[in-house]
1. Filter the range 605-629 down to residues that are part of a loop (DSSP other than H, G, I, E, B) and either modelled with pLDDT under 90 or touching a helix residue (DSSP H, G or I) at 6+ places or on another chain (Cβ under 8 Å) (or both), then give me how many there are.
2. When you scan the range 173-195, do you find a residue that is touching a Phe, Trp or Tyr at 6+ places or on another chain (Cβ under 7 Å), crowded, with 19+ Cβ neighbours inside 10 Å and farther than 13 Å from Y227 by Cβ, even just one?
3. Return yes or no: is S184 among the small types (G, A, S) and touching a Ser or Thr at 6+ places or on another chain (Cβ under 9 Å)?
4. Of (1) without any contact (Cβ under 8 Å) to a residue 12 or more places away in the chain; (2) in a helix (DSSP H, G or I); (3) among the hydrophobic types (A, V, I, L, M, F, W, C), M214 satisfies all except one. Which?
5. Taking the conditions exactly as written (surrounded by 14 or more Cβ atoms within 10 Å (Cβ to Cβ), touching a strand residue (DSSP E or B) at 6+ places or on another chain (Cβ under 7 Å), part of a loop (DSSP other than H, G, I, E, B) and at pLDDT 90 or above), does L287 satisfy them or not?
6. Do you know which residues across the range 587-604 are modelled with pLDDT of 95 or more and closer than 21 Å to Y467 by Cβ?
7. Name the one entry in I472, I419, I450, I468 that is over 30 Å from L534 (Cβ atoms) and either crowded, with 21+ Cβ neighbours inside 10 Å or modelled with pLDDT of 95 or more (or both).
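The values are calculated or read from the model by the stated rules, or taken from the named source; none is laboratory data. No experiment lies behind these values; they were computed from the predicted model shown. Here the Cβ positions follow ideal geometry from the backbone for every residue, glycine too, while neighbour counts run over all protein chains shown.
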Amino acid sequence: MAGLKVVALISGGKDSLFSILHCTANGHEVIALANLHPPLHADEEPIEDTDSFMYQTIGHSIIPLYEKALGLPLYRQEIVGSAVNQDRHYGRAGMSVDTPDETESLVPLLLKVKEAHPEVNAVSTGAILSDYQRTRVESVAVRLGLTPLSYLWQWPSLPPYTESGLLNDMATVGQDSRIVKVASGGLDDSFLWQNVADQRTIGRLAKAAGRFGMPGDGAVLGEGGEYETLAVNGPPPLWKAKIVVDDSSRLVTPGEAGSFSVKIHSARVESQESSTGSTHDMRIPPLLDDSLESILKVVSGAATMPDEHTGQSSDQNSVVRADQARAAPPANSGMSYLGLTGSGHTAAGQMRTILNALETRLKQTVYTSIVLRDMSEFAEVNKIYGDFFLSPNPPARATLACAGVLPDSCSVMLSATCIPNGHLQARKGLHVQSRSYWAPANIGPYSQAIAVPTDLDSVNADSDLVYIAGQIPLEPASMQLSLGNSSDKMDQFRHQAVLALQHMTRIGKCMKVSWWIAAIAFVVPYAGDPAEKLAHTAFAAWHALYRSESADDTEIDHDVEFDVWDLTQRHGHHGRMPEQSDAATTVKTMIVPPLWIIEVDTLPRNASVEWVGYGTTSEAQQHIEVEHLQYMLLLFRTRIVGSWKA
């Protein structure tokens, strides 16, 4: 795949500079730098630190030196406006042009870069855990036709699963970033001008975070504003020279609420006689977690299963028409519109008809499923679909093609689950549009996940039902379909099944899923390999998340029941969300949640498997019925090639 041409947004901080190294490591070319700076005083002296919600401005007087230090052209723009929209997720709807949001200052800055470099097609950021920062950059980038890159996103949740891991990775390549402001978290002025990647400094930060922070809050990385940094040196070939600030050119100044910062009077660029690090030493997070690598070994050794553990439904009534597809109201008092079809000569035309009819419910929609007759029509259908869902967190969605379950005149069928207007504020979403190492980006009209209260009738609902979008085996960093390292089709399927399952569980962890209610694995058989064989692989991977198989144990417990789902039977068994580091090895008494494996014609990007999951954030919620799930099982009842029920 051709590399992207990247403009790197830099603040001077450690993360924005380290992200550039990962852009180049992934085959992209960084051709320009871009920075937003504070407005000027009347006397033309810039404000030192604006405490912007969005942008780091402390130390901004050093920013012009990066042009020479990195040998890249730098473009700058003044920050206009303030944080008008302070929501966690950014959207422009309803904002007044008379009160500009500071986020929109990115627009003229990036347009200036695009005018000078028409080849630019991507933008890099240093976002790690902040939805606030990431969603704002993504909003502007996507509007301008730029691919957002956030290779540090969710870094602490990747191997080795520690917050300090990122700082250690910076130390390995020799990036020198100095702490220039401390604001909270038990940090005092003794931290100022220390290299944040120095082992002693990392230890002190971790100790302070242990006393004043919460596990996973990003305090060690400064994600809560505990401190800010300024990068002054790094590895070649990115760094052509270093930035030098003499002791006499720095002044420690106290601020409000016990904060301290470094005011820099002057700095210079000097050539490097020798480098302390190299990008050759840079660690790239592995594609699979350790636990998922173990699961891959398990499923690779589990090649067969006795016939009685798989099956094909004998029910031949596979077509469920729209007028037959209405179920009882869901347990959480939401409303579902299931099996919707529309008039029109094309799938796109039918989708427009469906959405026009559903228009008054679109803002209430939290989850959709799309079934196409022919996947080749997906691009046009998706374009129409996207015109109707423009909010920052559109519904989570599953998409597949399966002609056998559609009425003869139907090219596309949509099902939608909605919640009442009065509960929209309780809706939570995750819509990551940036490429990273974490999970596939969703550039388009659907979120990775949407969570809604499990009991909409209760004002004190303390748990959420989480809808996870269908996950296919894309490599997150490149967004290309991943086939693994084997030319064998079954080996490729095993790799895809495990990778897509990892995507689903990582998203679930990010949404605080503690129990899985159920999952569906949609599969597309290879020529010569029956769907039942794929079903066994999917079952083995799902089972390994919860059972005690080790990486060397290739035996499957045949005492379990693995059979076609009886649609008249209801189950209330669920599985606790396993930890990333021990999912395959330490859970010995786990109840494995229901799983259905369904054969379909085609999946997006010609993937061979798509995982669809439904979870809850409370272990106390063990008997939730998901209406959309029950409808999908009814619709595909003759396509079920295997199922698991505890």
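1. Initial filter on the range 605-629 (part of a loop (DSSP other than H, G, I, E, B)): 607-608, 617-626.
Checking the rest, the ones that are also either modelled with pLDDT under 90 or touching a helix residue (DSSP H, G or I) at 6+ places or on another chain (Cβ under 8 Å) (or both) come to 607-608, 618-625.
Total satisfying the criteria: 10.
2. The answer is yes, given that some residue of the range 173-195 is touching a Phe, Trp or Tyr at 6+ places or on another chain (Cβ under 7 Å), crowded, with 19+ Cβ neighbours inside 10 Å and farther than 13 Å from Y227 by Cβ.
3. The answer is yes for S184.
4. Only one criterion in (1) without any contact (Cβ under 8 Å) to a residue 12 or more places away in the chain; (2) in a helix (DSSP H, G or I); (3) among the hydrophobic types (A, V, I, L, M, F, W, C) is unmet by M214, namely (2).
5. yes
6. So the first thing to find is which residues in the range 587-604 are modelled with pLDDT of 95 or more, and the list is 595-604.
Hits for the range 587-604 are L595, W596, I597, I598, V600, L603, P604.
7. I419
Yes or no, residue by residue, for (1) buried (at least 19 other Cβ atoms within 10 Å of the Cβ); (2) within 16 Å of N195 (Cα to Cα); (3) among the aromatic types (F, W, Y):
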| site | (1), (2), (3) |
| --- | --- |
| A206 | no, yes, no |
| M214 | no, no, no |
| L221 | yes, yes, no |
| V245 | yes, yes, no |
| K263 | no, no, no |
| S271 | no, no, no |
